[in-house]
Amino acid sequence: MLLPIIAVLIGVAVAPLTASEVANDAKVIANTLDLDDLKIRITPLQGSDNPSPLLVKYTSSACTIYVNNGATAHAVWNRFLSDADGEYAAALRDFAVAHEIGHCVVARLRSEAVEMPPLLGTAGAVLPVGSVTSGAVSSAFTGDETARGISIKNYDEIASDLIGLHFIRIAHPTAFDPVRNRVREVRAQLAAKDPMHDSSGYLAERNLASIAKLVERFE
Ligand SMILES: [Zn+2]
């Protein structure tokens with residue numbers, strides 16, 4: 001029995017994401033959170049060396065999710081899922097799709113001039129675009145314009161993670177804690193290289209409650 005031993009040694013590779021799988025997930029997420037009006041489209045991406053397994057392009061009227069199965073992106077996906085299986089693996093995948101949809105939700109609400117809540121974290125508050133004026137920026141990212149740019153993008157990434165977790169709590173309640181822990185862990189691991197995606201200090205209940213209220217304002 002050589003094959004199983006090799007599989008254990010190299011780690012079990014997870015199946016690549018497919019566009020139809022992501023389309024099904026997106027339909028359930030939009031339905032559950034009452035976001036059908038977003039008109040989400042799913043497009044496979046061929047031959048990309050972008051490391052992100054899922055990418056999103058959004059305007060106030062369109063939300064396109066790209067499914068990227070390039071070698072680098074698949075390796076990243078493998079690492080994110082680690083050895084997850086069953087309900088937990090399904091919940092991690094749903095989280096990733098809901099995160100991308102979260103970007104579209106934030107963009108739409110902003111275009112409707114809905115006021116975004118500040119997000120309070122261990123490194124200070126990250127404020128929404130529009131409030132990032134007059135020096136009232138995150139204590140984590142005070143300083144020059146580059147840092148300010150990270151702070152603005154950081155808000156969107158944190159908000160999208162929170163929208164993803166909000167969906168997981170509704171759709172996969174038993175997987176909520178493990179998914180939140182995994183997201184916190186992965187974001188913290190990559191924080192030095194990728195500060196704008198670092199939501200690790202901001203996934204507490206009070207922010208989840210603010211974001212749940214915000215999602216309800218979607219029309
Ligand atoms: Zn994102």
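Coordinate-derived values only; no laboratory data. Remember, it's a predicted structure, so these values are computed and weren't measured experimentally.
What full-extension length gain, to one decimal in nm, is calculated for A192 and N50 as 0.36 nm per residue of separation minus the Cα-Cα distance?
Working: separation 142, 0.36 × 142 = 51.12 nm, distance 1.89 nm.
Taking 0.36 nm per residue and subtracting the Cα distance, the gain is 49.2 nm.
Once you sort the root eigenvalues of the Cα gyration tensor of region 56-133 as a ≥ b ≥ c, which label holds: rounded (a/c under 1.5), prolate (a/b larger than b/c) or oblate (the other case)?
On the way: a/c = 2.44, a/b = 1.62, b/c = 1.51.
It comes out prolate by the Cα gyration axes.
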